[in-house]
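Any read-out appearing in this document is the output of simple, stated calculations on the displayed coordinates, not a laboratory observation. From a predicted model like this one, the values you see are computed outputs, not experimental measurements. Neighbour counts run over all protein chains shown; Cβ positions are idealised from the backbone, glycine included.
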Amino acid sequence: MASAIDTARSDAEIGLAPHRGWRLPGSRLGRLIIVLNLLGLAILIVGALVLNETRQGLINAEIDSLTTQGEFIANVIEKAATRGDPEPMLEPDLTRKTIDLLFIPKLQRARIFDAHGALVADSYVIADRVELKPLPPARKPGEIRLNDWLRDRDARPEAVAQARADLNAEVARALKGERVHLLRRAQNGDRVVSISIPIQYVHAVLGVLTLEAGDVDQIIAAQRRALLPFILVDIAVTLVSSLLLSRLVAEPVLRLARAADRVTAARARAISLPDIASRDDELGDLTRSLETMTFALSERMDAIERFAADVAHEIRNPLTSIRSAVETLDLISDPVARDRLTSILKQDVQRLDRLITDISNASRLDAELSRESPRRIDMARLIGDIAELYVQSARPGEAVVRFIPPANGEPAMVQGREGPFSQVFRNLIDNARSFSVLSDRDPSEVRVAVRRAGHEVVTTVEDDGPGIPAENLETVFERFYTSRPKGAAFGGHSGLGLSIARQIIQAHGGRIRAENRTDADGKILGARFVVTLPESRA
């Protein structure tokens, strides 16, 4: 059970983070995780794009170089190895001699095809060049390696046949007068950059020069070696991001879990992790929320302990009086004295019953507030209905309740729960009537007024009683405090009504205070309770 000072507070009072304005979708930690995970991928993508552009540039440069060299060789063959009588054609012997005289780099291969696509000259054959390749490392029986599997796949008959078909197609296109350059596989399985240039005599195509460069695999191997630093950087970034996420997320969450376990095991009252609470992210929000929650629970536990102590003290007084009266009752023989003692016993029992009833109502207040959902309520209508009930049930000699609606007649809307609000204003009206009845003014009345002030709804309850001592204007809201005028019924008030009223009003984000009504000379005309609640706008 919370006291009047242990009630709902604003976000700023309990340390909740203020509501932030619009920001990019996702949480801070979520964005951090996404960025760190994408960073390594981005490095690989950028590296691949850069190296792909580099490889393409190298291949294009290779094509340009082969094209220039091929045009030169084609012009030399057209001048030195062709004859025009009776029709233009290539001289095979002169073509082979010309190819033998020209310098063909080691990694290049030049082949000449006649007008019918037949091979006339091959630089590999003319130069008696022997292709050297290192033998693969020795392997255990039954062991299969990827490189060996790839080499065997490239040496399969269908792969060789496909390579020959690609070369024949390239030559056929060139025989139509088209210059062809492409990247294909040779018959040995290597990738080569190939260009085919028609050898023309005026407009007649006499043959085709096919020039191949077999260093594509070296270019790709160099590209893969260039990609290695990107891979290493990506691994390093992934490791760093993993460690960073572990330090920023996993470790703080584990600390929070251990702190919560300590609270449970040691029956502590609060979680305190200031280094995490100062963070401006979701873990900081979670830590501050946990600290606020445990602080609120600690205050609630303290309030329950104080309430239990106050209840024990208040119940002890009538029980002590009852015990004394019962013990004395057997010793008194005078009927008048026995009747007086019996009357005291009845009053104490009535006081105890009233006290237990109010304590029960107060102890159920928190549950009632959490069970009912707030909704928009017209305070003017609610107060008017309550005042009408008092008017209909009024008895002679009791103070009259008069309701003063808002001046403009507009509704005064607030957000809250109708049941608790009704309890607040019934307590205030009952309190005001109990003092007004004892006033020497005739007739006395209790005035309840509702008005709007800015963005707030203000309700006042005034009486014509003796007022409240200045030093007790705040004390009257404490639990079990009661100060009744002379002549008030003994035991008729437990001192919880105003405490409950403040608790309900503060739980709805409002304020309640007490003050005295005075005239121009400073004379007290009565008491006034002012309830202020935030206005609810549709």
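Quick rundown of the values:
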quantity	calculated
Sequence ranges 446-452, 96-102, 458-464, 387-393, ranked by mean other-Cβ count within 10 angstrom, highest first	458-464, 446-452, 96-102, 387-393
Simple label model, 7 Å out from Cα along Cβ direction - residue 349 to residue 251, nm	7.0
Length added when fully stretched, residue 301-residue 158, from 0.36 nm per residue minus Cα-Cα	43.0 nm
Residue-span extension gain [residue 532 to residue 187] - 0.36 nm each, minus C-alpha spacing	114.8 nm
Surrounding net charge for residue 390, when Lys and Arg each add one and Asp and Glu each subtract one, Cβ distance under 15 Å	-2
Estimated FRET transfer efficiency (residue 45, residue 244; beta-carbon r; R0 30 Å; 0.05)	0.90
Added length on full extension, which subtracts the Cα-Cα distance from 0.36 nm per residue, residue 320 to residue 37	94.5 nm
Sequence ranges 233-239, 335-341, ranked by mean other-Cβ count within 10 angstrom, highest first	233-239, 335-341
Euclidean distance of C-alpha centroids, the range 329-358 and the range 155-202, integer Å	122
Label zone at residue 275, where the point sits 7 Å out along the Cα-to-Cβ direction: the range 234-264 residues whose backbone N lies under 19 Å	243-263
Inter-label distance for residue 166 and residue 333, nm, one decimal - labels placed 7 Å from Cα along Cα-to-Cβ	13.5
